[in-house]
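Q: Could you have a look at this structure, given as structure tokens, before my questions?
The values are calculated or read from the model by the stated rules, or taken from the named source; none is laboratory data. Since the model is a prediction, treat every value here as computed from it, not as a measurement. With ideal geometry, Cβ positions are generated from the backbone for all residues, glycine too; neighbour counts draw on all protein chains shown. Heavy atoms of the whole protein, side chains included, go into the accessibility calculation; ligands, DNA and RNA do not. Shrake-Rupley method; radii C 1.70, N 1.55, O 1.52, S 1.80 Å.
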Amino acid sequence: MFTSRKTDAPAEAPAARASWLSRLKSGLARTGSSISAVFTGARVDEALFEELESVLLQADAGVDASQFLMDKLRETARRERIEDGGELKRALAQALIELLAPLEKELDLERAAPIVMMIAGVNGAGKTTSIGKLAHHFQGRGKTVLLAAGDTFRAAAREQLLAWGERNGIAVISQDGGDPAAVVFDAVAAARARGAQVLIADTAGRLPTQLHLMEELKKIKRVIGKAMDGAPHETLLVLDGSNGQNALAQVKAFDGALKLTGLIITKLDGTAKGGVLTAIARAAPIPVYFIGVGENLDDLQPFRAREFVEALLS
Ligand SMILES: Nc1nc2c(ncn2[C@@H]2O[C@H](COP(=O)(O)OP(=O)(O)O)[C@@H](O)[C@H]2O)c(=O)[nH]1
Ligand SMILES: [Mg+2]
């Protein structure tokens with residue numbers, strides 16, 4: 001089942017890199033174009049600042065992050081006597097990069113074997129499909145990957161993961177119905193027995209207001225810890241980026257229940273609300289490991305602040 005490659009992570013091919021950058025750019029276009037439009041041919045005056053602030057709010061950057069960015073920008077404009085829209089846009093890019101940089105963090109896959117990742121989130125956020133894309137990403141870096149079908153709530157979810165695993169030659173541990181904690185417990189044992197390097201466990205979608213289901217998530221996490229000391233090594237929340245400000249509420253609630261170690265933000269394509277990352281950076285700075293801009297396997301890639309901002313404002 002495994003394709004084991006012992007080589008170090010291959011350098012990313014320039015063509016793949018260029019293709020990702022162009023998909024990122026077009027994915028973020030709806031959020032970015034309204035921000036960029038403020039600067040075109042504009043003189044820097046109070047009206048421009050006012051317009052920029054409302055555009056940031058419309059992009060769901062949130063009141064706090066918008067205020068923070070505006071204060072910073074006004075100060076830079078005053079200090080550097082910026083009069084030209086293009087120059088102010090560059091100052092905004094710099095402020096955004098500084099704000100988002102703390103969210104950028106590399107996933108460390110070397111500190112244990114297997115690295116156990118537990119995935120949580122509301123229904124439809126993109127958990128199961130992101131697991132497929134992550135598995136593909138890690139495999140491409142020479143890792144052996146195992147998946148756990150921990151969404152036992154919907155039979156279709158298990159089938160979805162199994163079918164995906166079959167197509168891509170990745171083993172999936174699943175059970176007919178039953179207890180998600182038991183599935184995941186078995187999967188950790190299987191990953192250890194098979195010497196898999198990464199185990200990714202799916203879970204059923206749930207709302208933070210469904211308290212019994214949040215308790216179930218805590219239990220799954222506890223049981224993973226019983227199957228392996230120090231696991232789960234990563235507890236990741238998948239967020240639908242088009243949810244805007246509501247995503248922030250989800251981060252706080254899931255973090256409260258699970259102590260998240262990272263975020264995956266999907267569906268940044270086709271939304272005008274990509275500003276939510278800045279809100280997260282201000283209010284709940286949890287690493288954003290990956291961002292998604294589409295439904296293809298390669299459309300989920302590590303988050304890099306500079307690259308993100310350059311694509312956004314290009
Ligand atoms: N456009 C777009 N669609 C996505 C992205 N990520 C996931 N989806 C779609 O979102 C839908 C729900 O995904 P799924 O993984 O089943 O969600 P889950 O309920 O959280 O497991 C599917 O149709 C995915 O193809 C993304 O980055 N962009
Ligand atoms: Mg699912």
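Q: Of all residues in the stretch 96-147, count the ones that are in a loop (DSSP other than H, G, I, E, B), within 16 Å of ligand 1 (Cβ to nearest atom) and buried (at least 19 other Cβ atoms within 10 Å of the Cβ).
A: Number satisfying all stated conditions: 4.
Q: Oh, and also: Going by the structure shown, is residue 249 at pLDDT below 95 and within 30 Å of residue 63 (Cα to Cα)?
A: yes
Q: Say whether the condition of being open to solvent by 50 Å² or more (accessible area, probe 1.4 Å), under 29 Å from residue 294 (Cα atoms) and at pLDDT 95 or above is met by at least one residue in the stretch 182-189. Walk me through how you get there before you give the answer.
A: Keep residues of the stretch 182-189 that are open to solvent by 50 Å² or more (accessible area, probe 1.4 Å), which gives 185-186, 189.
With the extra rule that they be under 29 Å from residue 294 (Cα atoms), the set shrinks to none.
No: the stretch 182-189 contains no residue that is open to solvent by 50 Å² or more (accessible area, probe 1.4 Å), under 29 Å from residue 294 (Cα atoms) and at pLDDT 95 or above.
Q: For residues that are in a loop (DSSP other than H, G, I, E, B) and more than 15 Å from ligand 1 (Cβ to nearest atom), scanning just the stretch 196-213, find the one that is farthest from residue 134 (Cα to Cα). Break it down into steps so the answer makes sense when it comes.
A: Taking the stretch 196-213 as the starting set, the residues that turn out to be in a loop (DSSP other than H, G, I, E, B) are 196-197, 202-210.
Cutting the leftovers down to more than 15 Å from ligand 1 (Cβ to nearest atom) gives us 196-197, 209.
Numbers: 196: 15, 197: 13, 209: 28 Å.
Top of the filtered list is 209.
Q: Looking only at the stretch 67-82, decide whether some residue is within 21 Å of the chain's Cα centre (by Cα), in a helix (DSSP H, G or I) and surrounded by fewer than 18 Cβ atoms within 10 Å (Cβ to Cβ).
A: So in the stretch 67-82, the residues within 21 Å of the chain's Cα centre (by Cα) come out as none.
Scanning the stretch 67-82, I find no residue that is within 21 Å of the chain's Cα centre (by Cα), in a helix (DSSP H, G or I) and surrounded by fewer than 18 Cβ atoms within 10 Å (Cβ to Cβ), so the answer is no.
Q: Consider the stretch 279-299. How many of its residues are among the basic types (Lys, Arg) and closer than 10 Å to residue 269 by Cβ? Can you show your working first?
A: Narrowing the stretch 279-299 to residues among the basic types (Lys, Arg): 282.
Adding the requirement that they be closer than 10 Å to residue 269 by Cβ leaves none.
Adding up the residues that qualify gives 0.
Q: If the requirement is being within 13 Å of ligand 2 (Cβ to nearest atom) and without any contact (Cβ under 8 Å) to a residue 12 or more places away in the chain, which of these qualifies: 163, 193, 148, 157? Full working, then the answer.
A: Working: 193 fails: within 13 Å of ligand 2 (Cβ to nearest atom); 148 fails: without any contact (Cβ under 8 Å) to a residue 12 or more places away in the chain; 157 fails: without any contact (Cβ under 8 Å) to a residue 12 or more places away in the chain.
One residue alone meets the criteria, 163.
Q: Checking residue 21 against (1) open to solvent by less than 60 Å² (accessible area, probe 1.4 Å); (2) touching a helix residue (DSSP H, G or I) at 6+ places or on another chain (Cβ under 7 Å), which test does it fail?
A: That leaves (1) as the condition not met.
Q: Could you check the stretch 148-181 and list, in sequence order, the residues that are open to solvent by less than 50 Å² (accessible area, probe 1.4 Å) and away from ligand 1 (no atom under 16 Å from the Cβ)?
A: Those that are open to solvent by less than 50 Å² (accessible area, probe 1.4 Å) and away from ligand 1 (no atom under 16 Å from the Cβ): 169, 171, 173, 177, 181.
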